[in-house]
Amino acid sequence: MEWQAEGTVLARRPHGETAVILDVLTDLHGRHSGLVPGGVSQKRAAMLQPGSRLDLRWRARRDDQLGTFAVEPLRLRSGLLADPLALAGLNAVCSLLVFALPERDPHPVLARDTERLLDLMETGTDWGNDYLQWEMRLLDEMGFGLDLTSCAVTGAQQGLAYVSPRSGRAVSREGAGEWADRLLPLPGILGGAGDNRGYGLAEGLAITGHFLTARIAGELVGRPVPAARHRLVDRLTRGQPKRDH
């Protein structure tokens, strides 16, 4: 068995005295692992860091084996390691992908969105909103996408103010009624109307965080959401005002 593709390093761990096992993300082969002989050498270690873009050739006798990677560097993204916020973003993205994605299950749209996000992080531009949209994409790819197009109660497409923490559906103020205090506020950044237009990244990440915890961690994976995600959210929302429902 053999294939060749470009991929981005998500994680690496030592194997024996001289090898490492790489976890990479590719368009067509999804999250895929493989052994890199000699991967602990100083020359190779520099290009096998999370975020690095590699040309990969995977070989194994059978498809169900770990197999080995032959690797060549394409882009090392050293800028991600130089900026503390970008490094926190890189760690969160890689940790969530390893946490959520079944191995060898292709998600080409998510893979391309991940590349775009890492590129934005490396440029140093304001990428917080892009990260929020990436978490929305991750939920969708895992089968837990949110429906924020119309009210789950009235069907209205206007005046959307909340998200149901159970269904992931939007709810209008009229539809919420006396249940409003049990719902998540829908910020303007995700289409919230009225007073909610002033709500922003913190509220958006609270919504995606709820469903990452309740759906992916609770129903799919059975482990807590990676701490790297919590550390990034703390950095992105530090200093933002806290709003009540």
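The values are calculated or read from the model by the stated rules, or taken from the named source; none is laboratory data. The structure displayed is predicted, hence computed values, not measured ones. When we count neighbours, we look across all protein chains shown, and the Cβ atoms used for this are built from the backbone with ideal geometry, even at glycine. For the accessible areas, the whole protein counts, side chains as well, though only heavy atoms, and no ligand, DNA or RNA atoms are used. Shrake-Rupley method; radii C 1.70, N 1.55, O 1.52, S 1.80 Å.
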query = Between (i) -0.45, -0.52, -1.11; (ii) -0.28, -0.35, -1.51; (iii) -0.35, -0.44, -1.22, which matches log10 I(q)/I(0) by the Debye sum over Cα atoms at q = 0.08, 0.09, 0.17 Å⁻¹ calculated for the structure shown?
reply = (iii)
note = Simple spin-label estimate for Thr18/Ser167, 7 Å along Cα→Cβ, in nm, reads 6.1
ask   = Given the options Pro226, Pro185, Pro14, which has the most mean-square fluctuation in a GNM of the chain, springs set between C-alpha atoms less than 10 angstrom apart?
value = Pro14
request  = Evaluate E = 1/(1 + (r/R0)^6) for Ala70 and Glu103, where r is the Cβ-Cβ distance and R0 equals 25 Å; express this FRET efficiency to the nearest 0.05.
outcome  = 0.80
query = Stretch Asp147-His210 to full length: gain in nm at 0.36 nm per residue minus the Cα-Cα span?
reply = 21.2 nm
query = So how strong a dipole does the chain carry about its Cα centre when Lys and Arg Cβ are +1 and Asp and Glu Cβ are -1, to the nearest 20 debye?
reply = 540
request  = Could you bin all the Cα-Cα distances of the stretch 30-92 into 5 Å bins starting at 0 and give me the percent of pairs in each, rounded to whole numbers?
outcome  = 4, 16, 23, 22, 17, 12, 4, 2, 0
Long-range amide H partners of Val153 with built H, under 5 Å = Ser172
ask   = Helix 201-211 sits at what angle to the longest principal axis of the chain, using alpha carbons and giving 0 to 90 degrees rounded to 10?
value = 70
query = Using a probe of 1.4 angstrom, how much of the accessible area of the chain is carbon and sulfur, in percent?
reply = 49
message = As an exercise, identify the trypsin sites (Lys or Arg not before Pro) in the stretch 46-108 lying in DSSP coil whose Cβ has no more than 14 other Cβ atoms within 10 Å.
response = Arg61, Arg62, Arg104
query = Which of Leu117, Leu28, Leu87 moves the most in a Gaussian network model of the chain with Cα springs under 10 Å?
reply = Leu28
key: GluC sites (Glu not before Pro) within the stretch 1-80: DSSP coil, no more than 11 neighbouring Cβ in 10 Å   = Glu17
ask   = With the chain treated as a Gaussian network of Cα nodes joined by springs under 10 Å, which of Val153, Val36, Val233 yields the largest mean-square fluctuation?
value = Val153
ask   = Hey, what angle do you get for helix 227-237 against the long axis of the chain, alpha-carbon based, 0 to 90 degrees rounded to 10?
value = 50
